[in-house]
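Student: Encoded as structure tokens, here's the structure I'll be asking about.
A short reminder: the numbers here are calculations on the coordinates, not readings from a lab. For clarity, every value in this text was computed on a predicted model and none was experimentally measured. Because the Cβ atoms are built from the backbone with ideal geometry, glycine has one as well, and the counts that use them run over all protein chains shown.
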Amino acid sequence: MNKTRIITLLSALVVSLAAVSLLWAGTTVEDTFDMKTKEYTEAGGHKYSPVPFTHKKHHEDYKITCGECHHDENGKALELTMGDDVQRCIECHDKLGKAPKGKGKKKLKGKEKRQYHAEAVHDNCITCHKAFNKEFKKKAKDKKAKGPAPTSCKKCHTEGKIKK
Ligand code: HEC
Ligand code: HEC
Ligand code: HEC
Ligand code: HEC
């Protein structure tokens with residue numbers, strides 16, 4: 001094998017390695033994962049069990065665009081394709097748990113309420129599920145028909161409240 005041939009082979013190898021690493025670049029996301037934001041752990045742990053979330057199914061089977069759930073720092077829907085980076089909800093909705101309520105506590109609404117991570121997440125998931133189930137019932141023309149999208153605590157937090 002002469003020198004030029006070796007160099008040609010080597011450069012071909014370099015080019016194909018670069019192509020492979022391009023394909024592998026970007027953020028990957030599991031098809032399904034448990035939602036259990038790690039910041040809760042440092043603050044004494046979750047109150048409710050992790051929530052299994054079918055990320056891929058929501059996008060592919062239920063035909064929900066990325067921007068229905070992922071938005072920018074102004075709340076504007078993002079146009080994404082698989083592999084793009086996204087920020088986790090906690091990075092902006094950064095107060096842990098639910099908004100405080102009860103005697104002597106100011107009742108928060110809207111944006112202020114959604115500063116709390118659990119309120120923002122619930123708002124996203126449950127608002128869509130309720131709307132979907134409503135349409136589902138209408139189409140089913142059966143008053144007793146139950147929509148398939150979960151809206152009760154136990155259907156999402158499948159193990160319920162965590163005993164401490
Ligand atoms: C559509 C699914 C869904 C429903 C219905 C739902 N949750 Fe959640 N909830 C979540 C997700 C997802 C999180 C975020 C968990 C995380 O990222 O750690 C969450 C977070 C929370 C948190 C903050 C984390 C923790 O465990 O301390 C609390 C408290 C909570 N939910 C309570 C409830 C209660 C009480 C109900 C019923 C009234 C309820 N949730 C209904 C999906 C749901
Ligand atoms: C039905 C809502 C929903 C849809 C639709 C959706 N996502 Fe997500 N995605 C989430 C939630 C919730 C998380 C978890 C965020 C967290 O942990 O705070 C997530 C996590 C991710 C992550 C991992 C982030 C990390 O650092 O852990 C990536 C990447 C991602 N999504 C990209 C996309 C792309 C690209 C699309 C469209 C092709 C999409 N998502 C569609 C709700 C959705
Ligand atoms: C880069 C910062 C940022 C990230 C990351 C982020 N949000 Fe938001 N979100 C905002 C801002 C800003 C608003 C507008 C203020 C408001 O309405 O709360 C908003 C609004 C919302 C709203 C109200 C939107 C409406 O149309 O009513 C929901 C629900 C929500 N976010 C849920 C989520 C969820 C779930 C995630 C993670 C998948 C997430 N956000 C990630 C900044 C962010
Ligand atoms: C924009 C709409 C939308 C949003 C946002 C959304 N979902 Fe759903 N989800 C659906 C629909 C539609 C179904 C039922 C589809 C069917 O069975 O035909 C569903 C079903 C589910 C189911 C039961 C079936 C399955 O695939 O596991 C779970 C659990 C669930 N969603 C969790 C979540 C959680 C957790 C979030 C928030 C992080 C979320 N969803 C956000 C539309 C949405």
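Student: Quick one: what are the phi-derived ³J(HN,Hα) couplings along region 102-115, Karplus 6.51/-1.76/1.60 with θ = phi - 60°, whole Hz, x for glycine and proline?
Tutor: Residue by residue, region 102-115 yields x, 3, x, 9, 5, 7, 8, 9, x, 4, 4, 5, 6, 4 Hz.
Student: Ranked by Cβ crowding within 10 angstrom, fewest neighbours first, how are Ile126, Ile162 ordered?
Tutor: With the sparsest Cβ surroundings first, the list reads Ile162, Ile126.
Student: Amide H to amide H under 5 Å from Ala99: which residues, 5+ apart in sequence or cross-chain, H placed 1.01 Å off N in plane?
Tutor: Amide H neighbours of Ala99, under 5 Å, 5+ apart: Glu119.
Student: Okay, helix-only estimate at 222 nm for the chain: each DSSP H run of n ≥ 4 adds -39500 (n - 2.57), divide by all residues, round to 500 deg cm²/dmol; what do you get?
Tutor: So the calculated ellipticity at 222 nm is -12000 deg cm²/dmol.
Student: Please list, in chain and number order, the residues 5+ apart from Met35 or on another chain whose amide H is under 5 Å from its amide H, with Hs placed from the backbone.
Tutor: Close amide H contacts, sequence-distant or interchain: Val51, Phe53.
Student: Enter the angle in degrees (range 0 to 90, nearest 10) between the Cα long axis of helix 3-24 and the first principal axis of the Cα atoms of the chain, meaning the one along which they spread out most.
Tutor: Between helix and principal axis, roughly 10 degrees.
Student: Pairs to check: Lys63/Lys130; Lys36/Lys163; Lys76/Lys134; Lys38/Lys155; Lys95/Lys161; Lys57/Lys144. Give those whose C-alpha atoms are more than 18 Å from each other in this structure. Could the numbers behind the result be given before it?
Tutor: On the way: Lys63/Lys130 16 Å; Lys36/Lys163 16 Å; Lys76/Lys134 26 Å; Lys38/Lys155 21 Å; Lys95/Lys161 20 Å; Lys57/Lys144 26 Å.
Result: Lys76/Lys134; Lys38/Lys155; Lys95/Lys161; Lys57/Lys144 exceed 18 Å.
Student: Ok, one more. Rounded to the nearest 20 debye, what is the charge dipole size of the chain about its Cα centre when +1 sits on each Lys and Arg Cβ and -1 on each Asp and Glu Cβ? Intermediate results must be reported in sequence, preceding the final value.
Tutor: On the way: 35 positive and 21 negative charges, 312 e Å.
Its charge dipole is roughly 1500 debye.
Student: Compare the Cα positions of Thr4, Pro52, Thr127 along the charge dipole of region 3-156 (+1 at Cβ of Lys, Arg; -1 at Cβ of Asp, Glu; about the Cα centre) and return the one farthest towards the positive end.
Tutor: So the residue we want is Thr127.
Student: Mind listing the long-range amide H neighbours of Leu108? Cut-off is under 5 Å, sequence gap 5 or more, other chains count too, H placed in the peptide plane at 1.01 Å from N.
Tutor: none
Student: Any chance you could check the Cα centroid distance between region 137-154 and region 77-91 for me, in angstrom?
Tutor: 30 Å
Student: Continuing with the same structure: Hey, in the GNM for the chain with a 10 angstrom Cα cutoff, which one of Tyr48, Tyr62, Tyr116 fluctuates hardest?
Tutor: So, out of Tyr48, Tyr62, Tyr116, the one fluctuating most is Tyr62.
Student: Sticking with this structure for a sec: Rounded to whole Hz and in sequence order, give me ³J(HN,Hα) for region 53-66 from the Karplus expression 6.51 cos²θ - 1.76 cosθ + 1.60, θ = phi - 60°, writing x for Gly and Pro.
Tutor: 10, 8, 4, 5, 4, 4, 6, 7, 7, 8, 6, 9, 6, 3
Student: What does the charge add up to near Gln115, with Lys and Arg as +1, Asp and Glu as -1, over the other residues with Cβ less than 10 Å from its Cβ?
Tutor: +1
Student: Hey, what do the phi angles of region 39-47 turn into as Karplus ³J(HN,Hα) couplings, whole Hz, using 6.51/-1.76/1.60 and θ = phi - 60°, x for Gly and Pro?
Tutor: Computed from phi, the couplings for region 39-47 are 4, 5, 4, 5, 9, x, x, 6, 8 Hz.
Student: Let me ask something else about it. How about region 76-145: which GluC sites (Glu not before Pro) there are in a DSSP loop, with at most 11 other Cβ atoms within 10 Å of their Cβ?
Tutor: Details: sites: Glu79, Glu91, Glu112, Glu119, Glu135; in loops: Glu79.
For GluC sites (Glu not before Pro) across region 76-145 that sit outside H, G, I, E and B with at most 11 neighbouring Cβ atoms in 10 Å, the list reads Glu79.
Student: Next question. How do Asp123, Asp142 rank when sorted from fewest to most other Cβ atoms within 10 Å of their own Cβ?
Tutor: Asp142, Asp123
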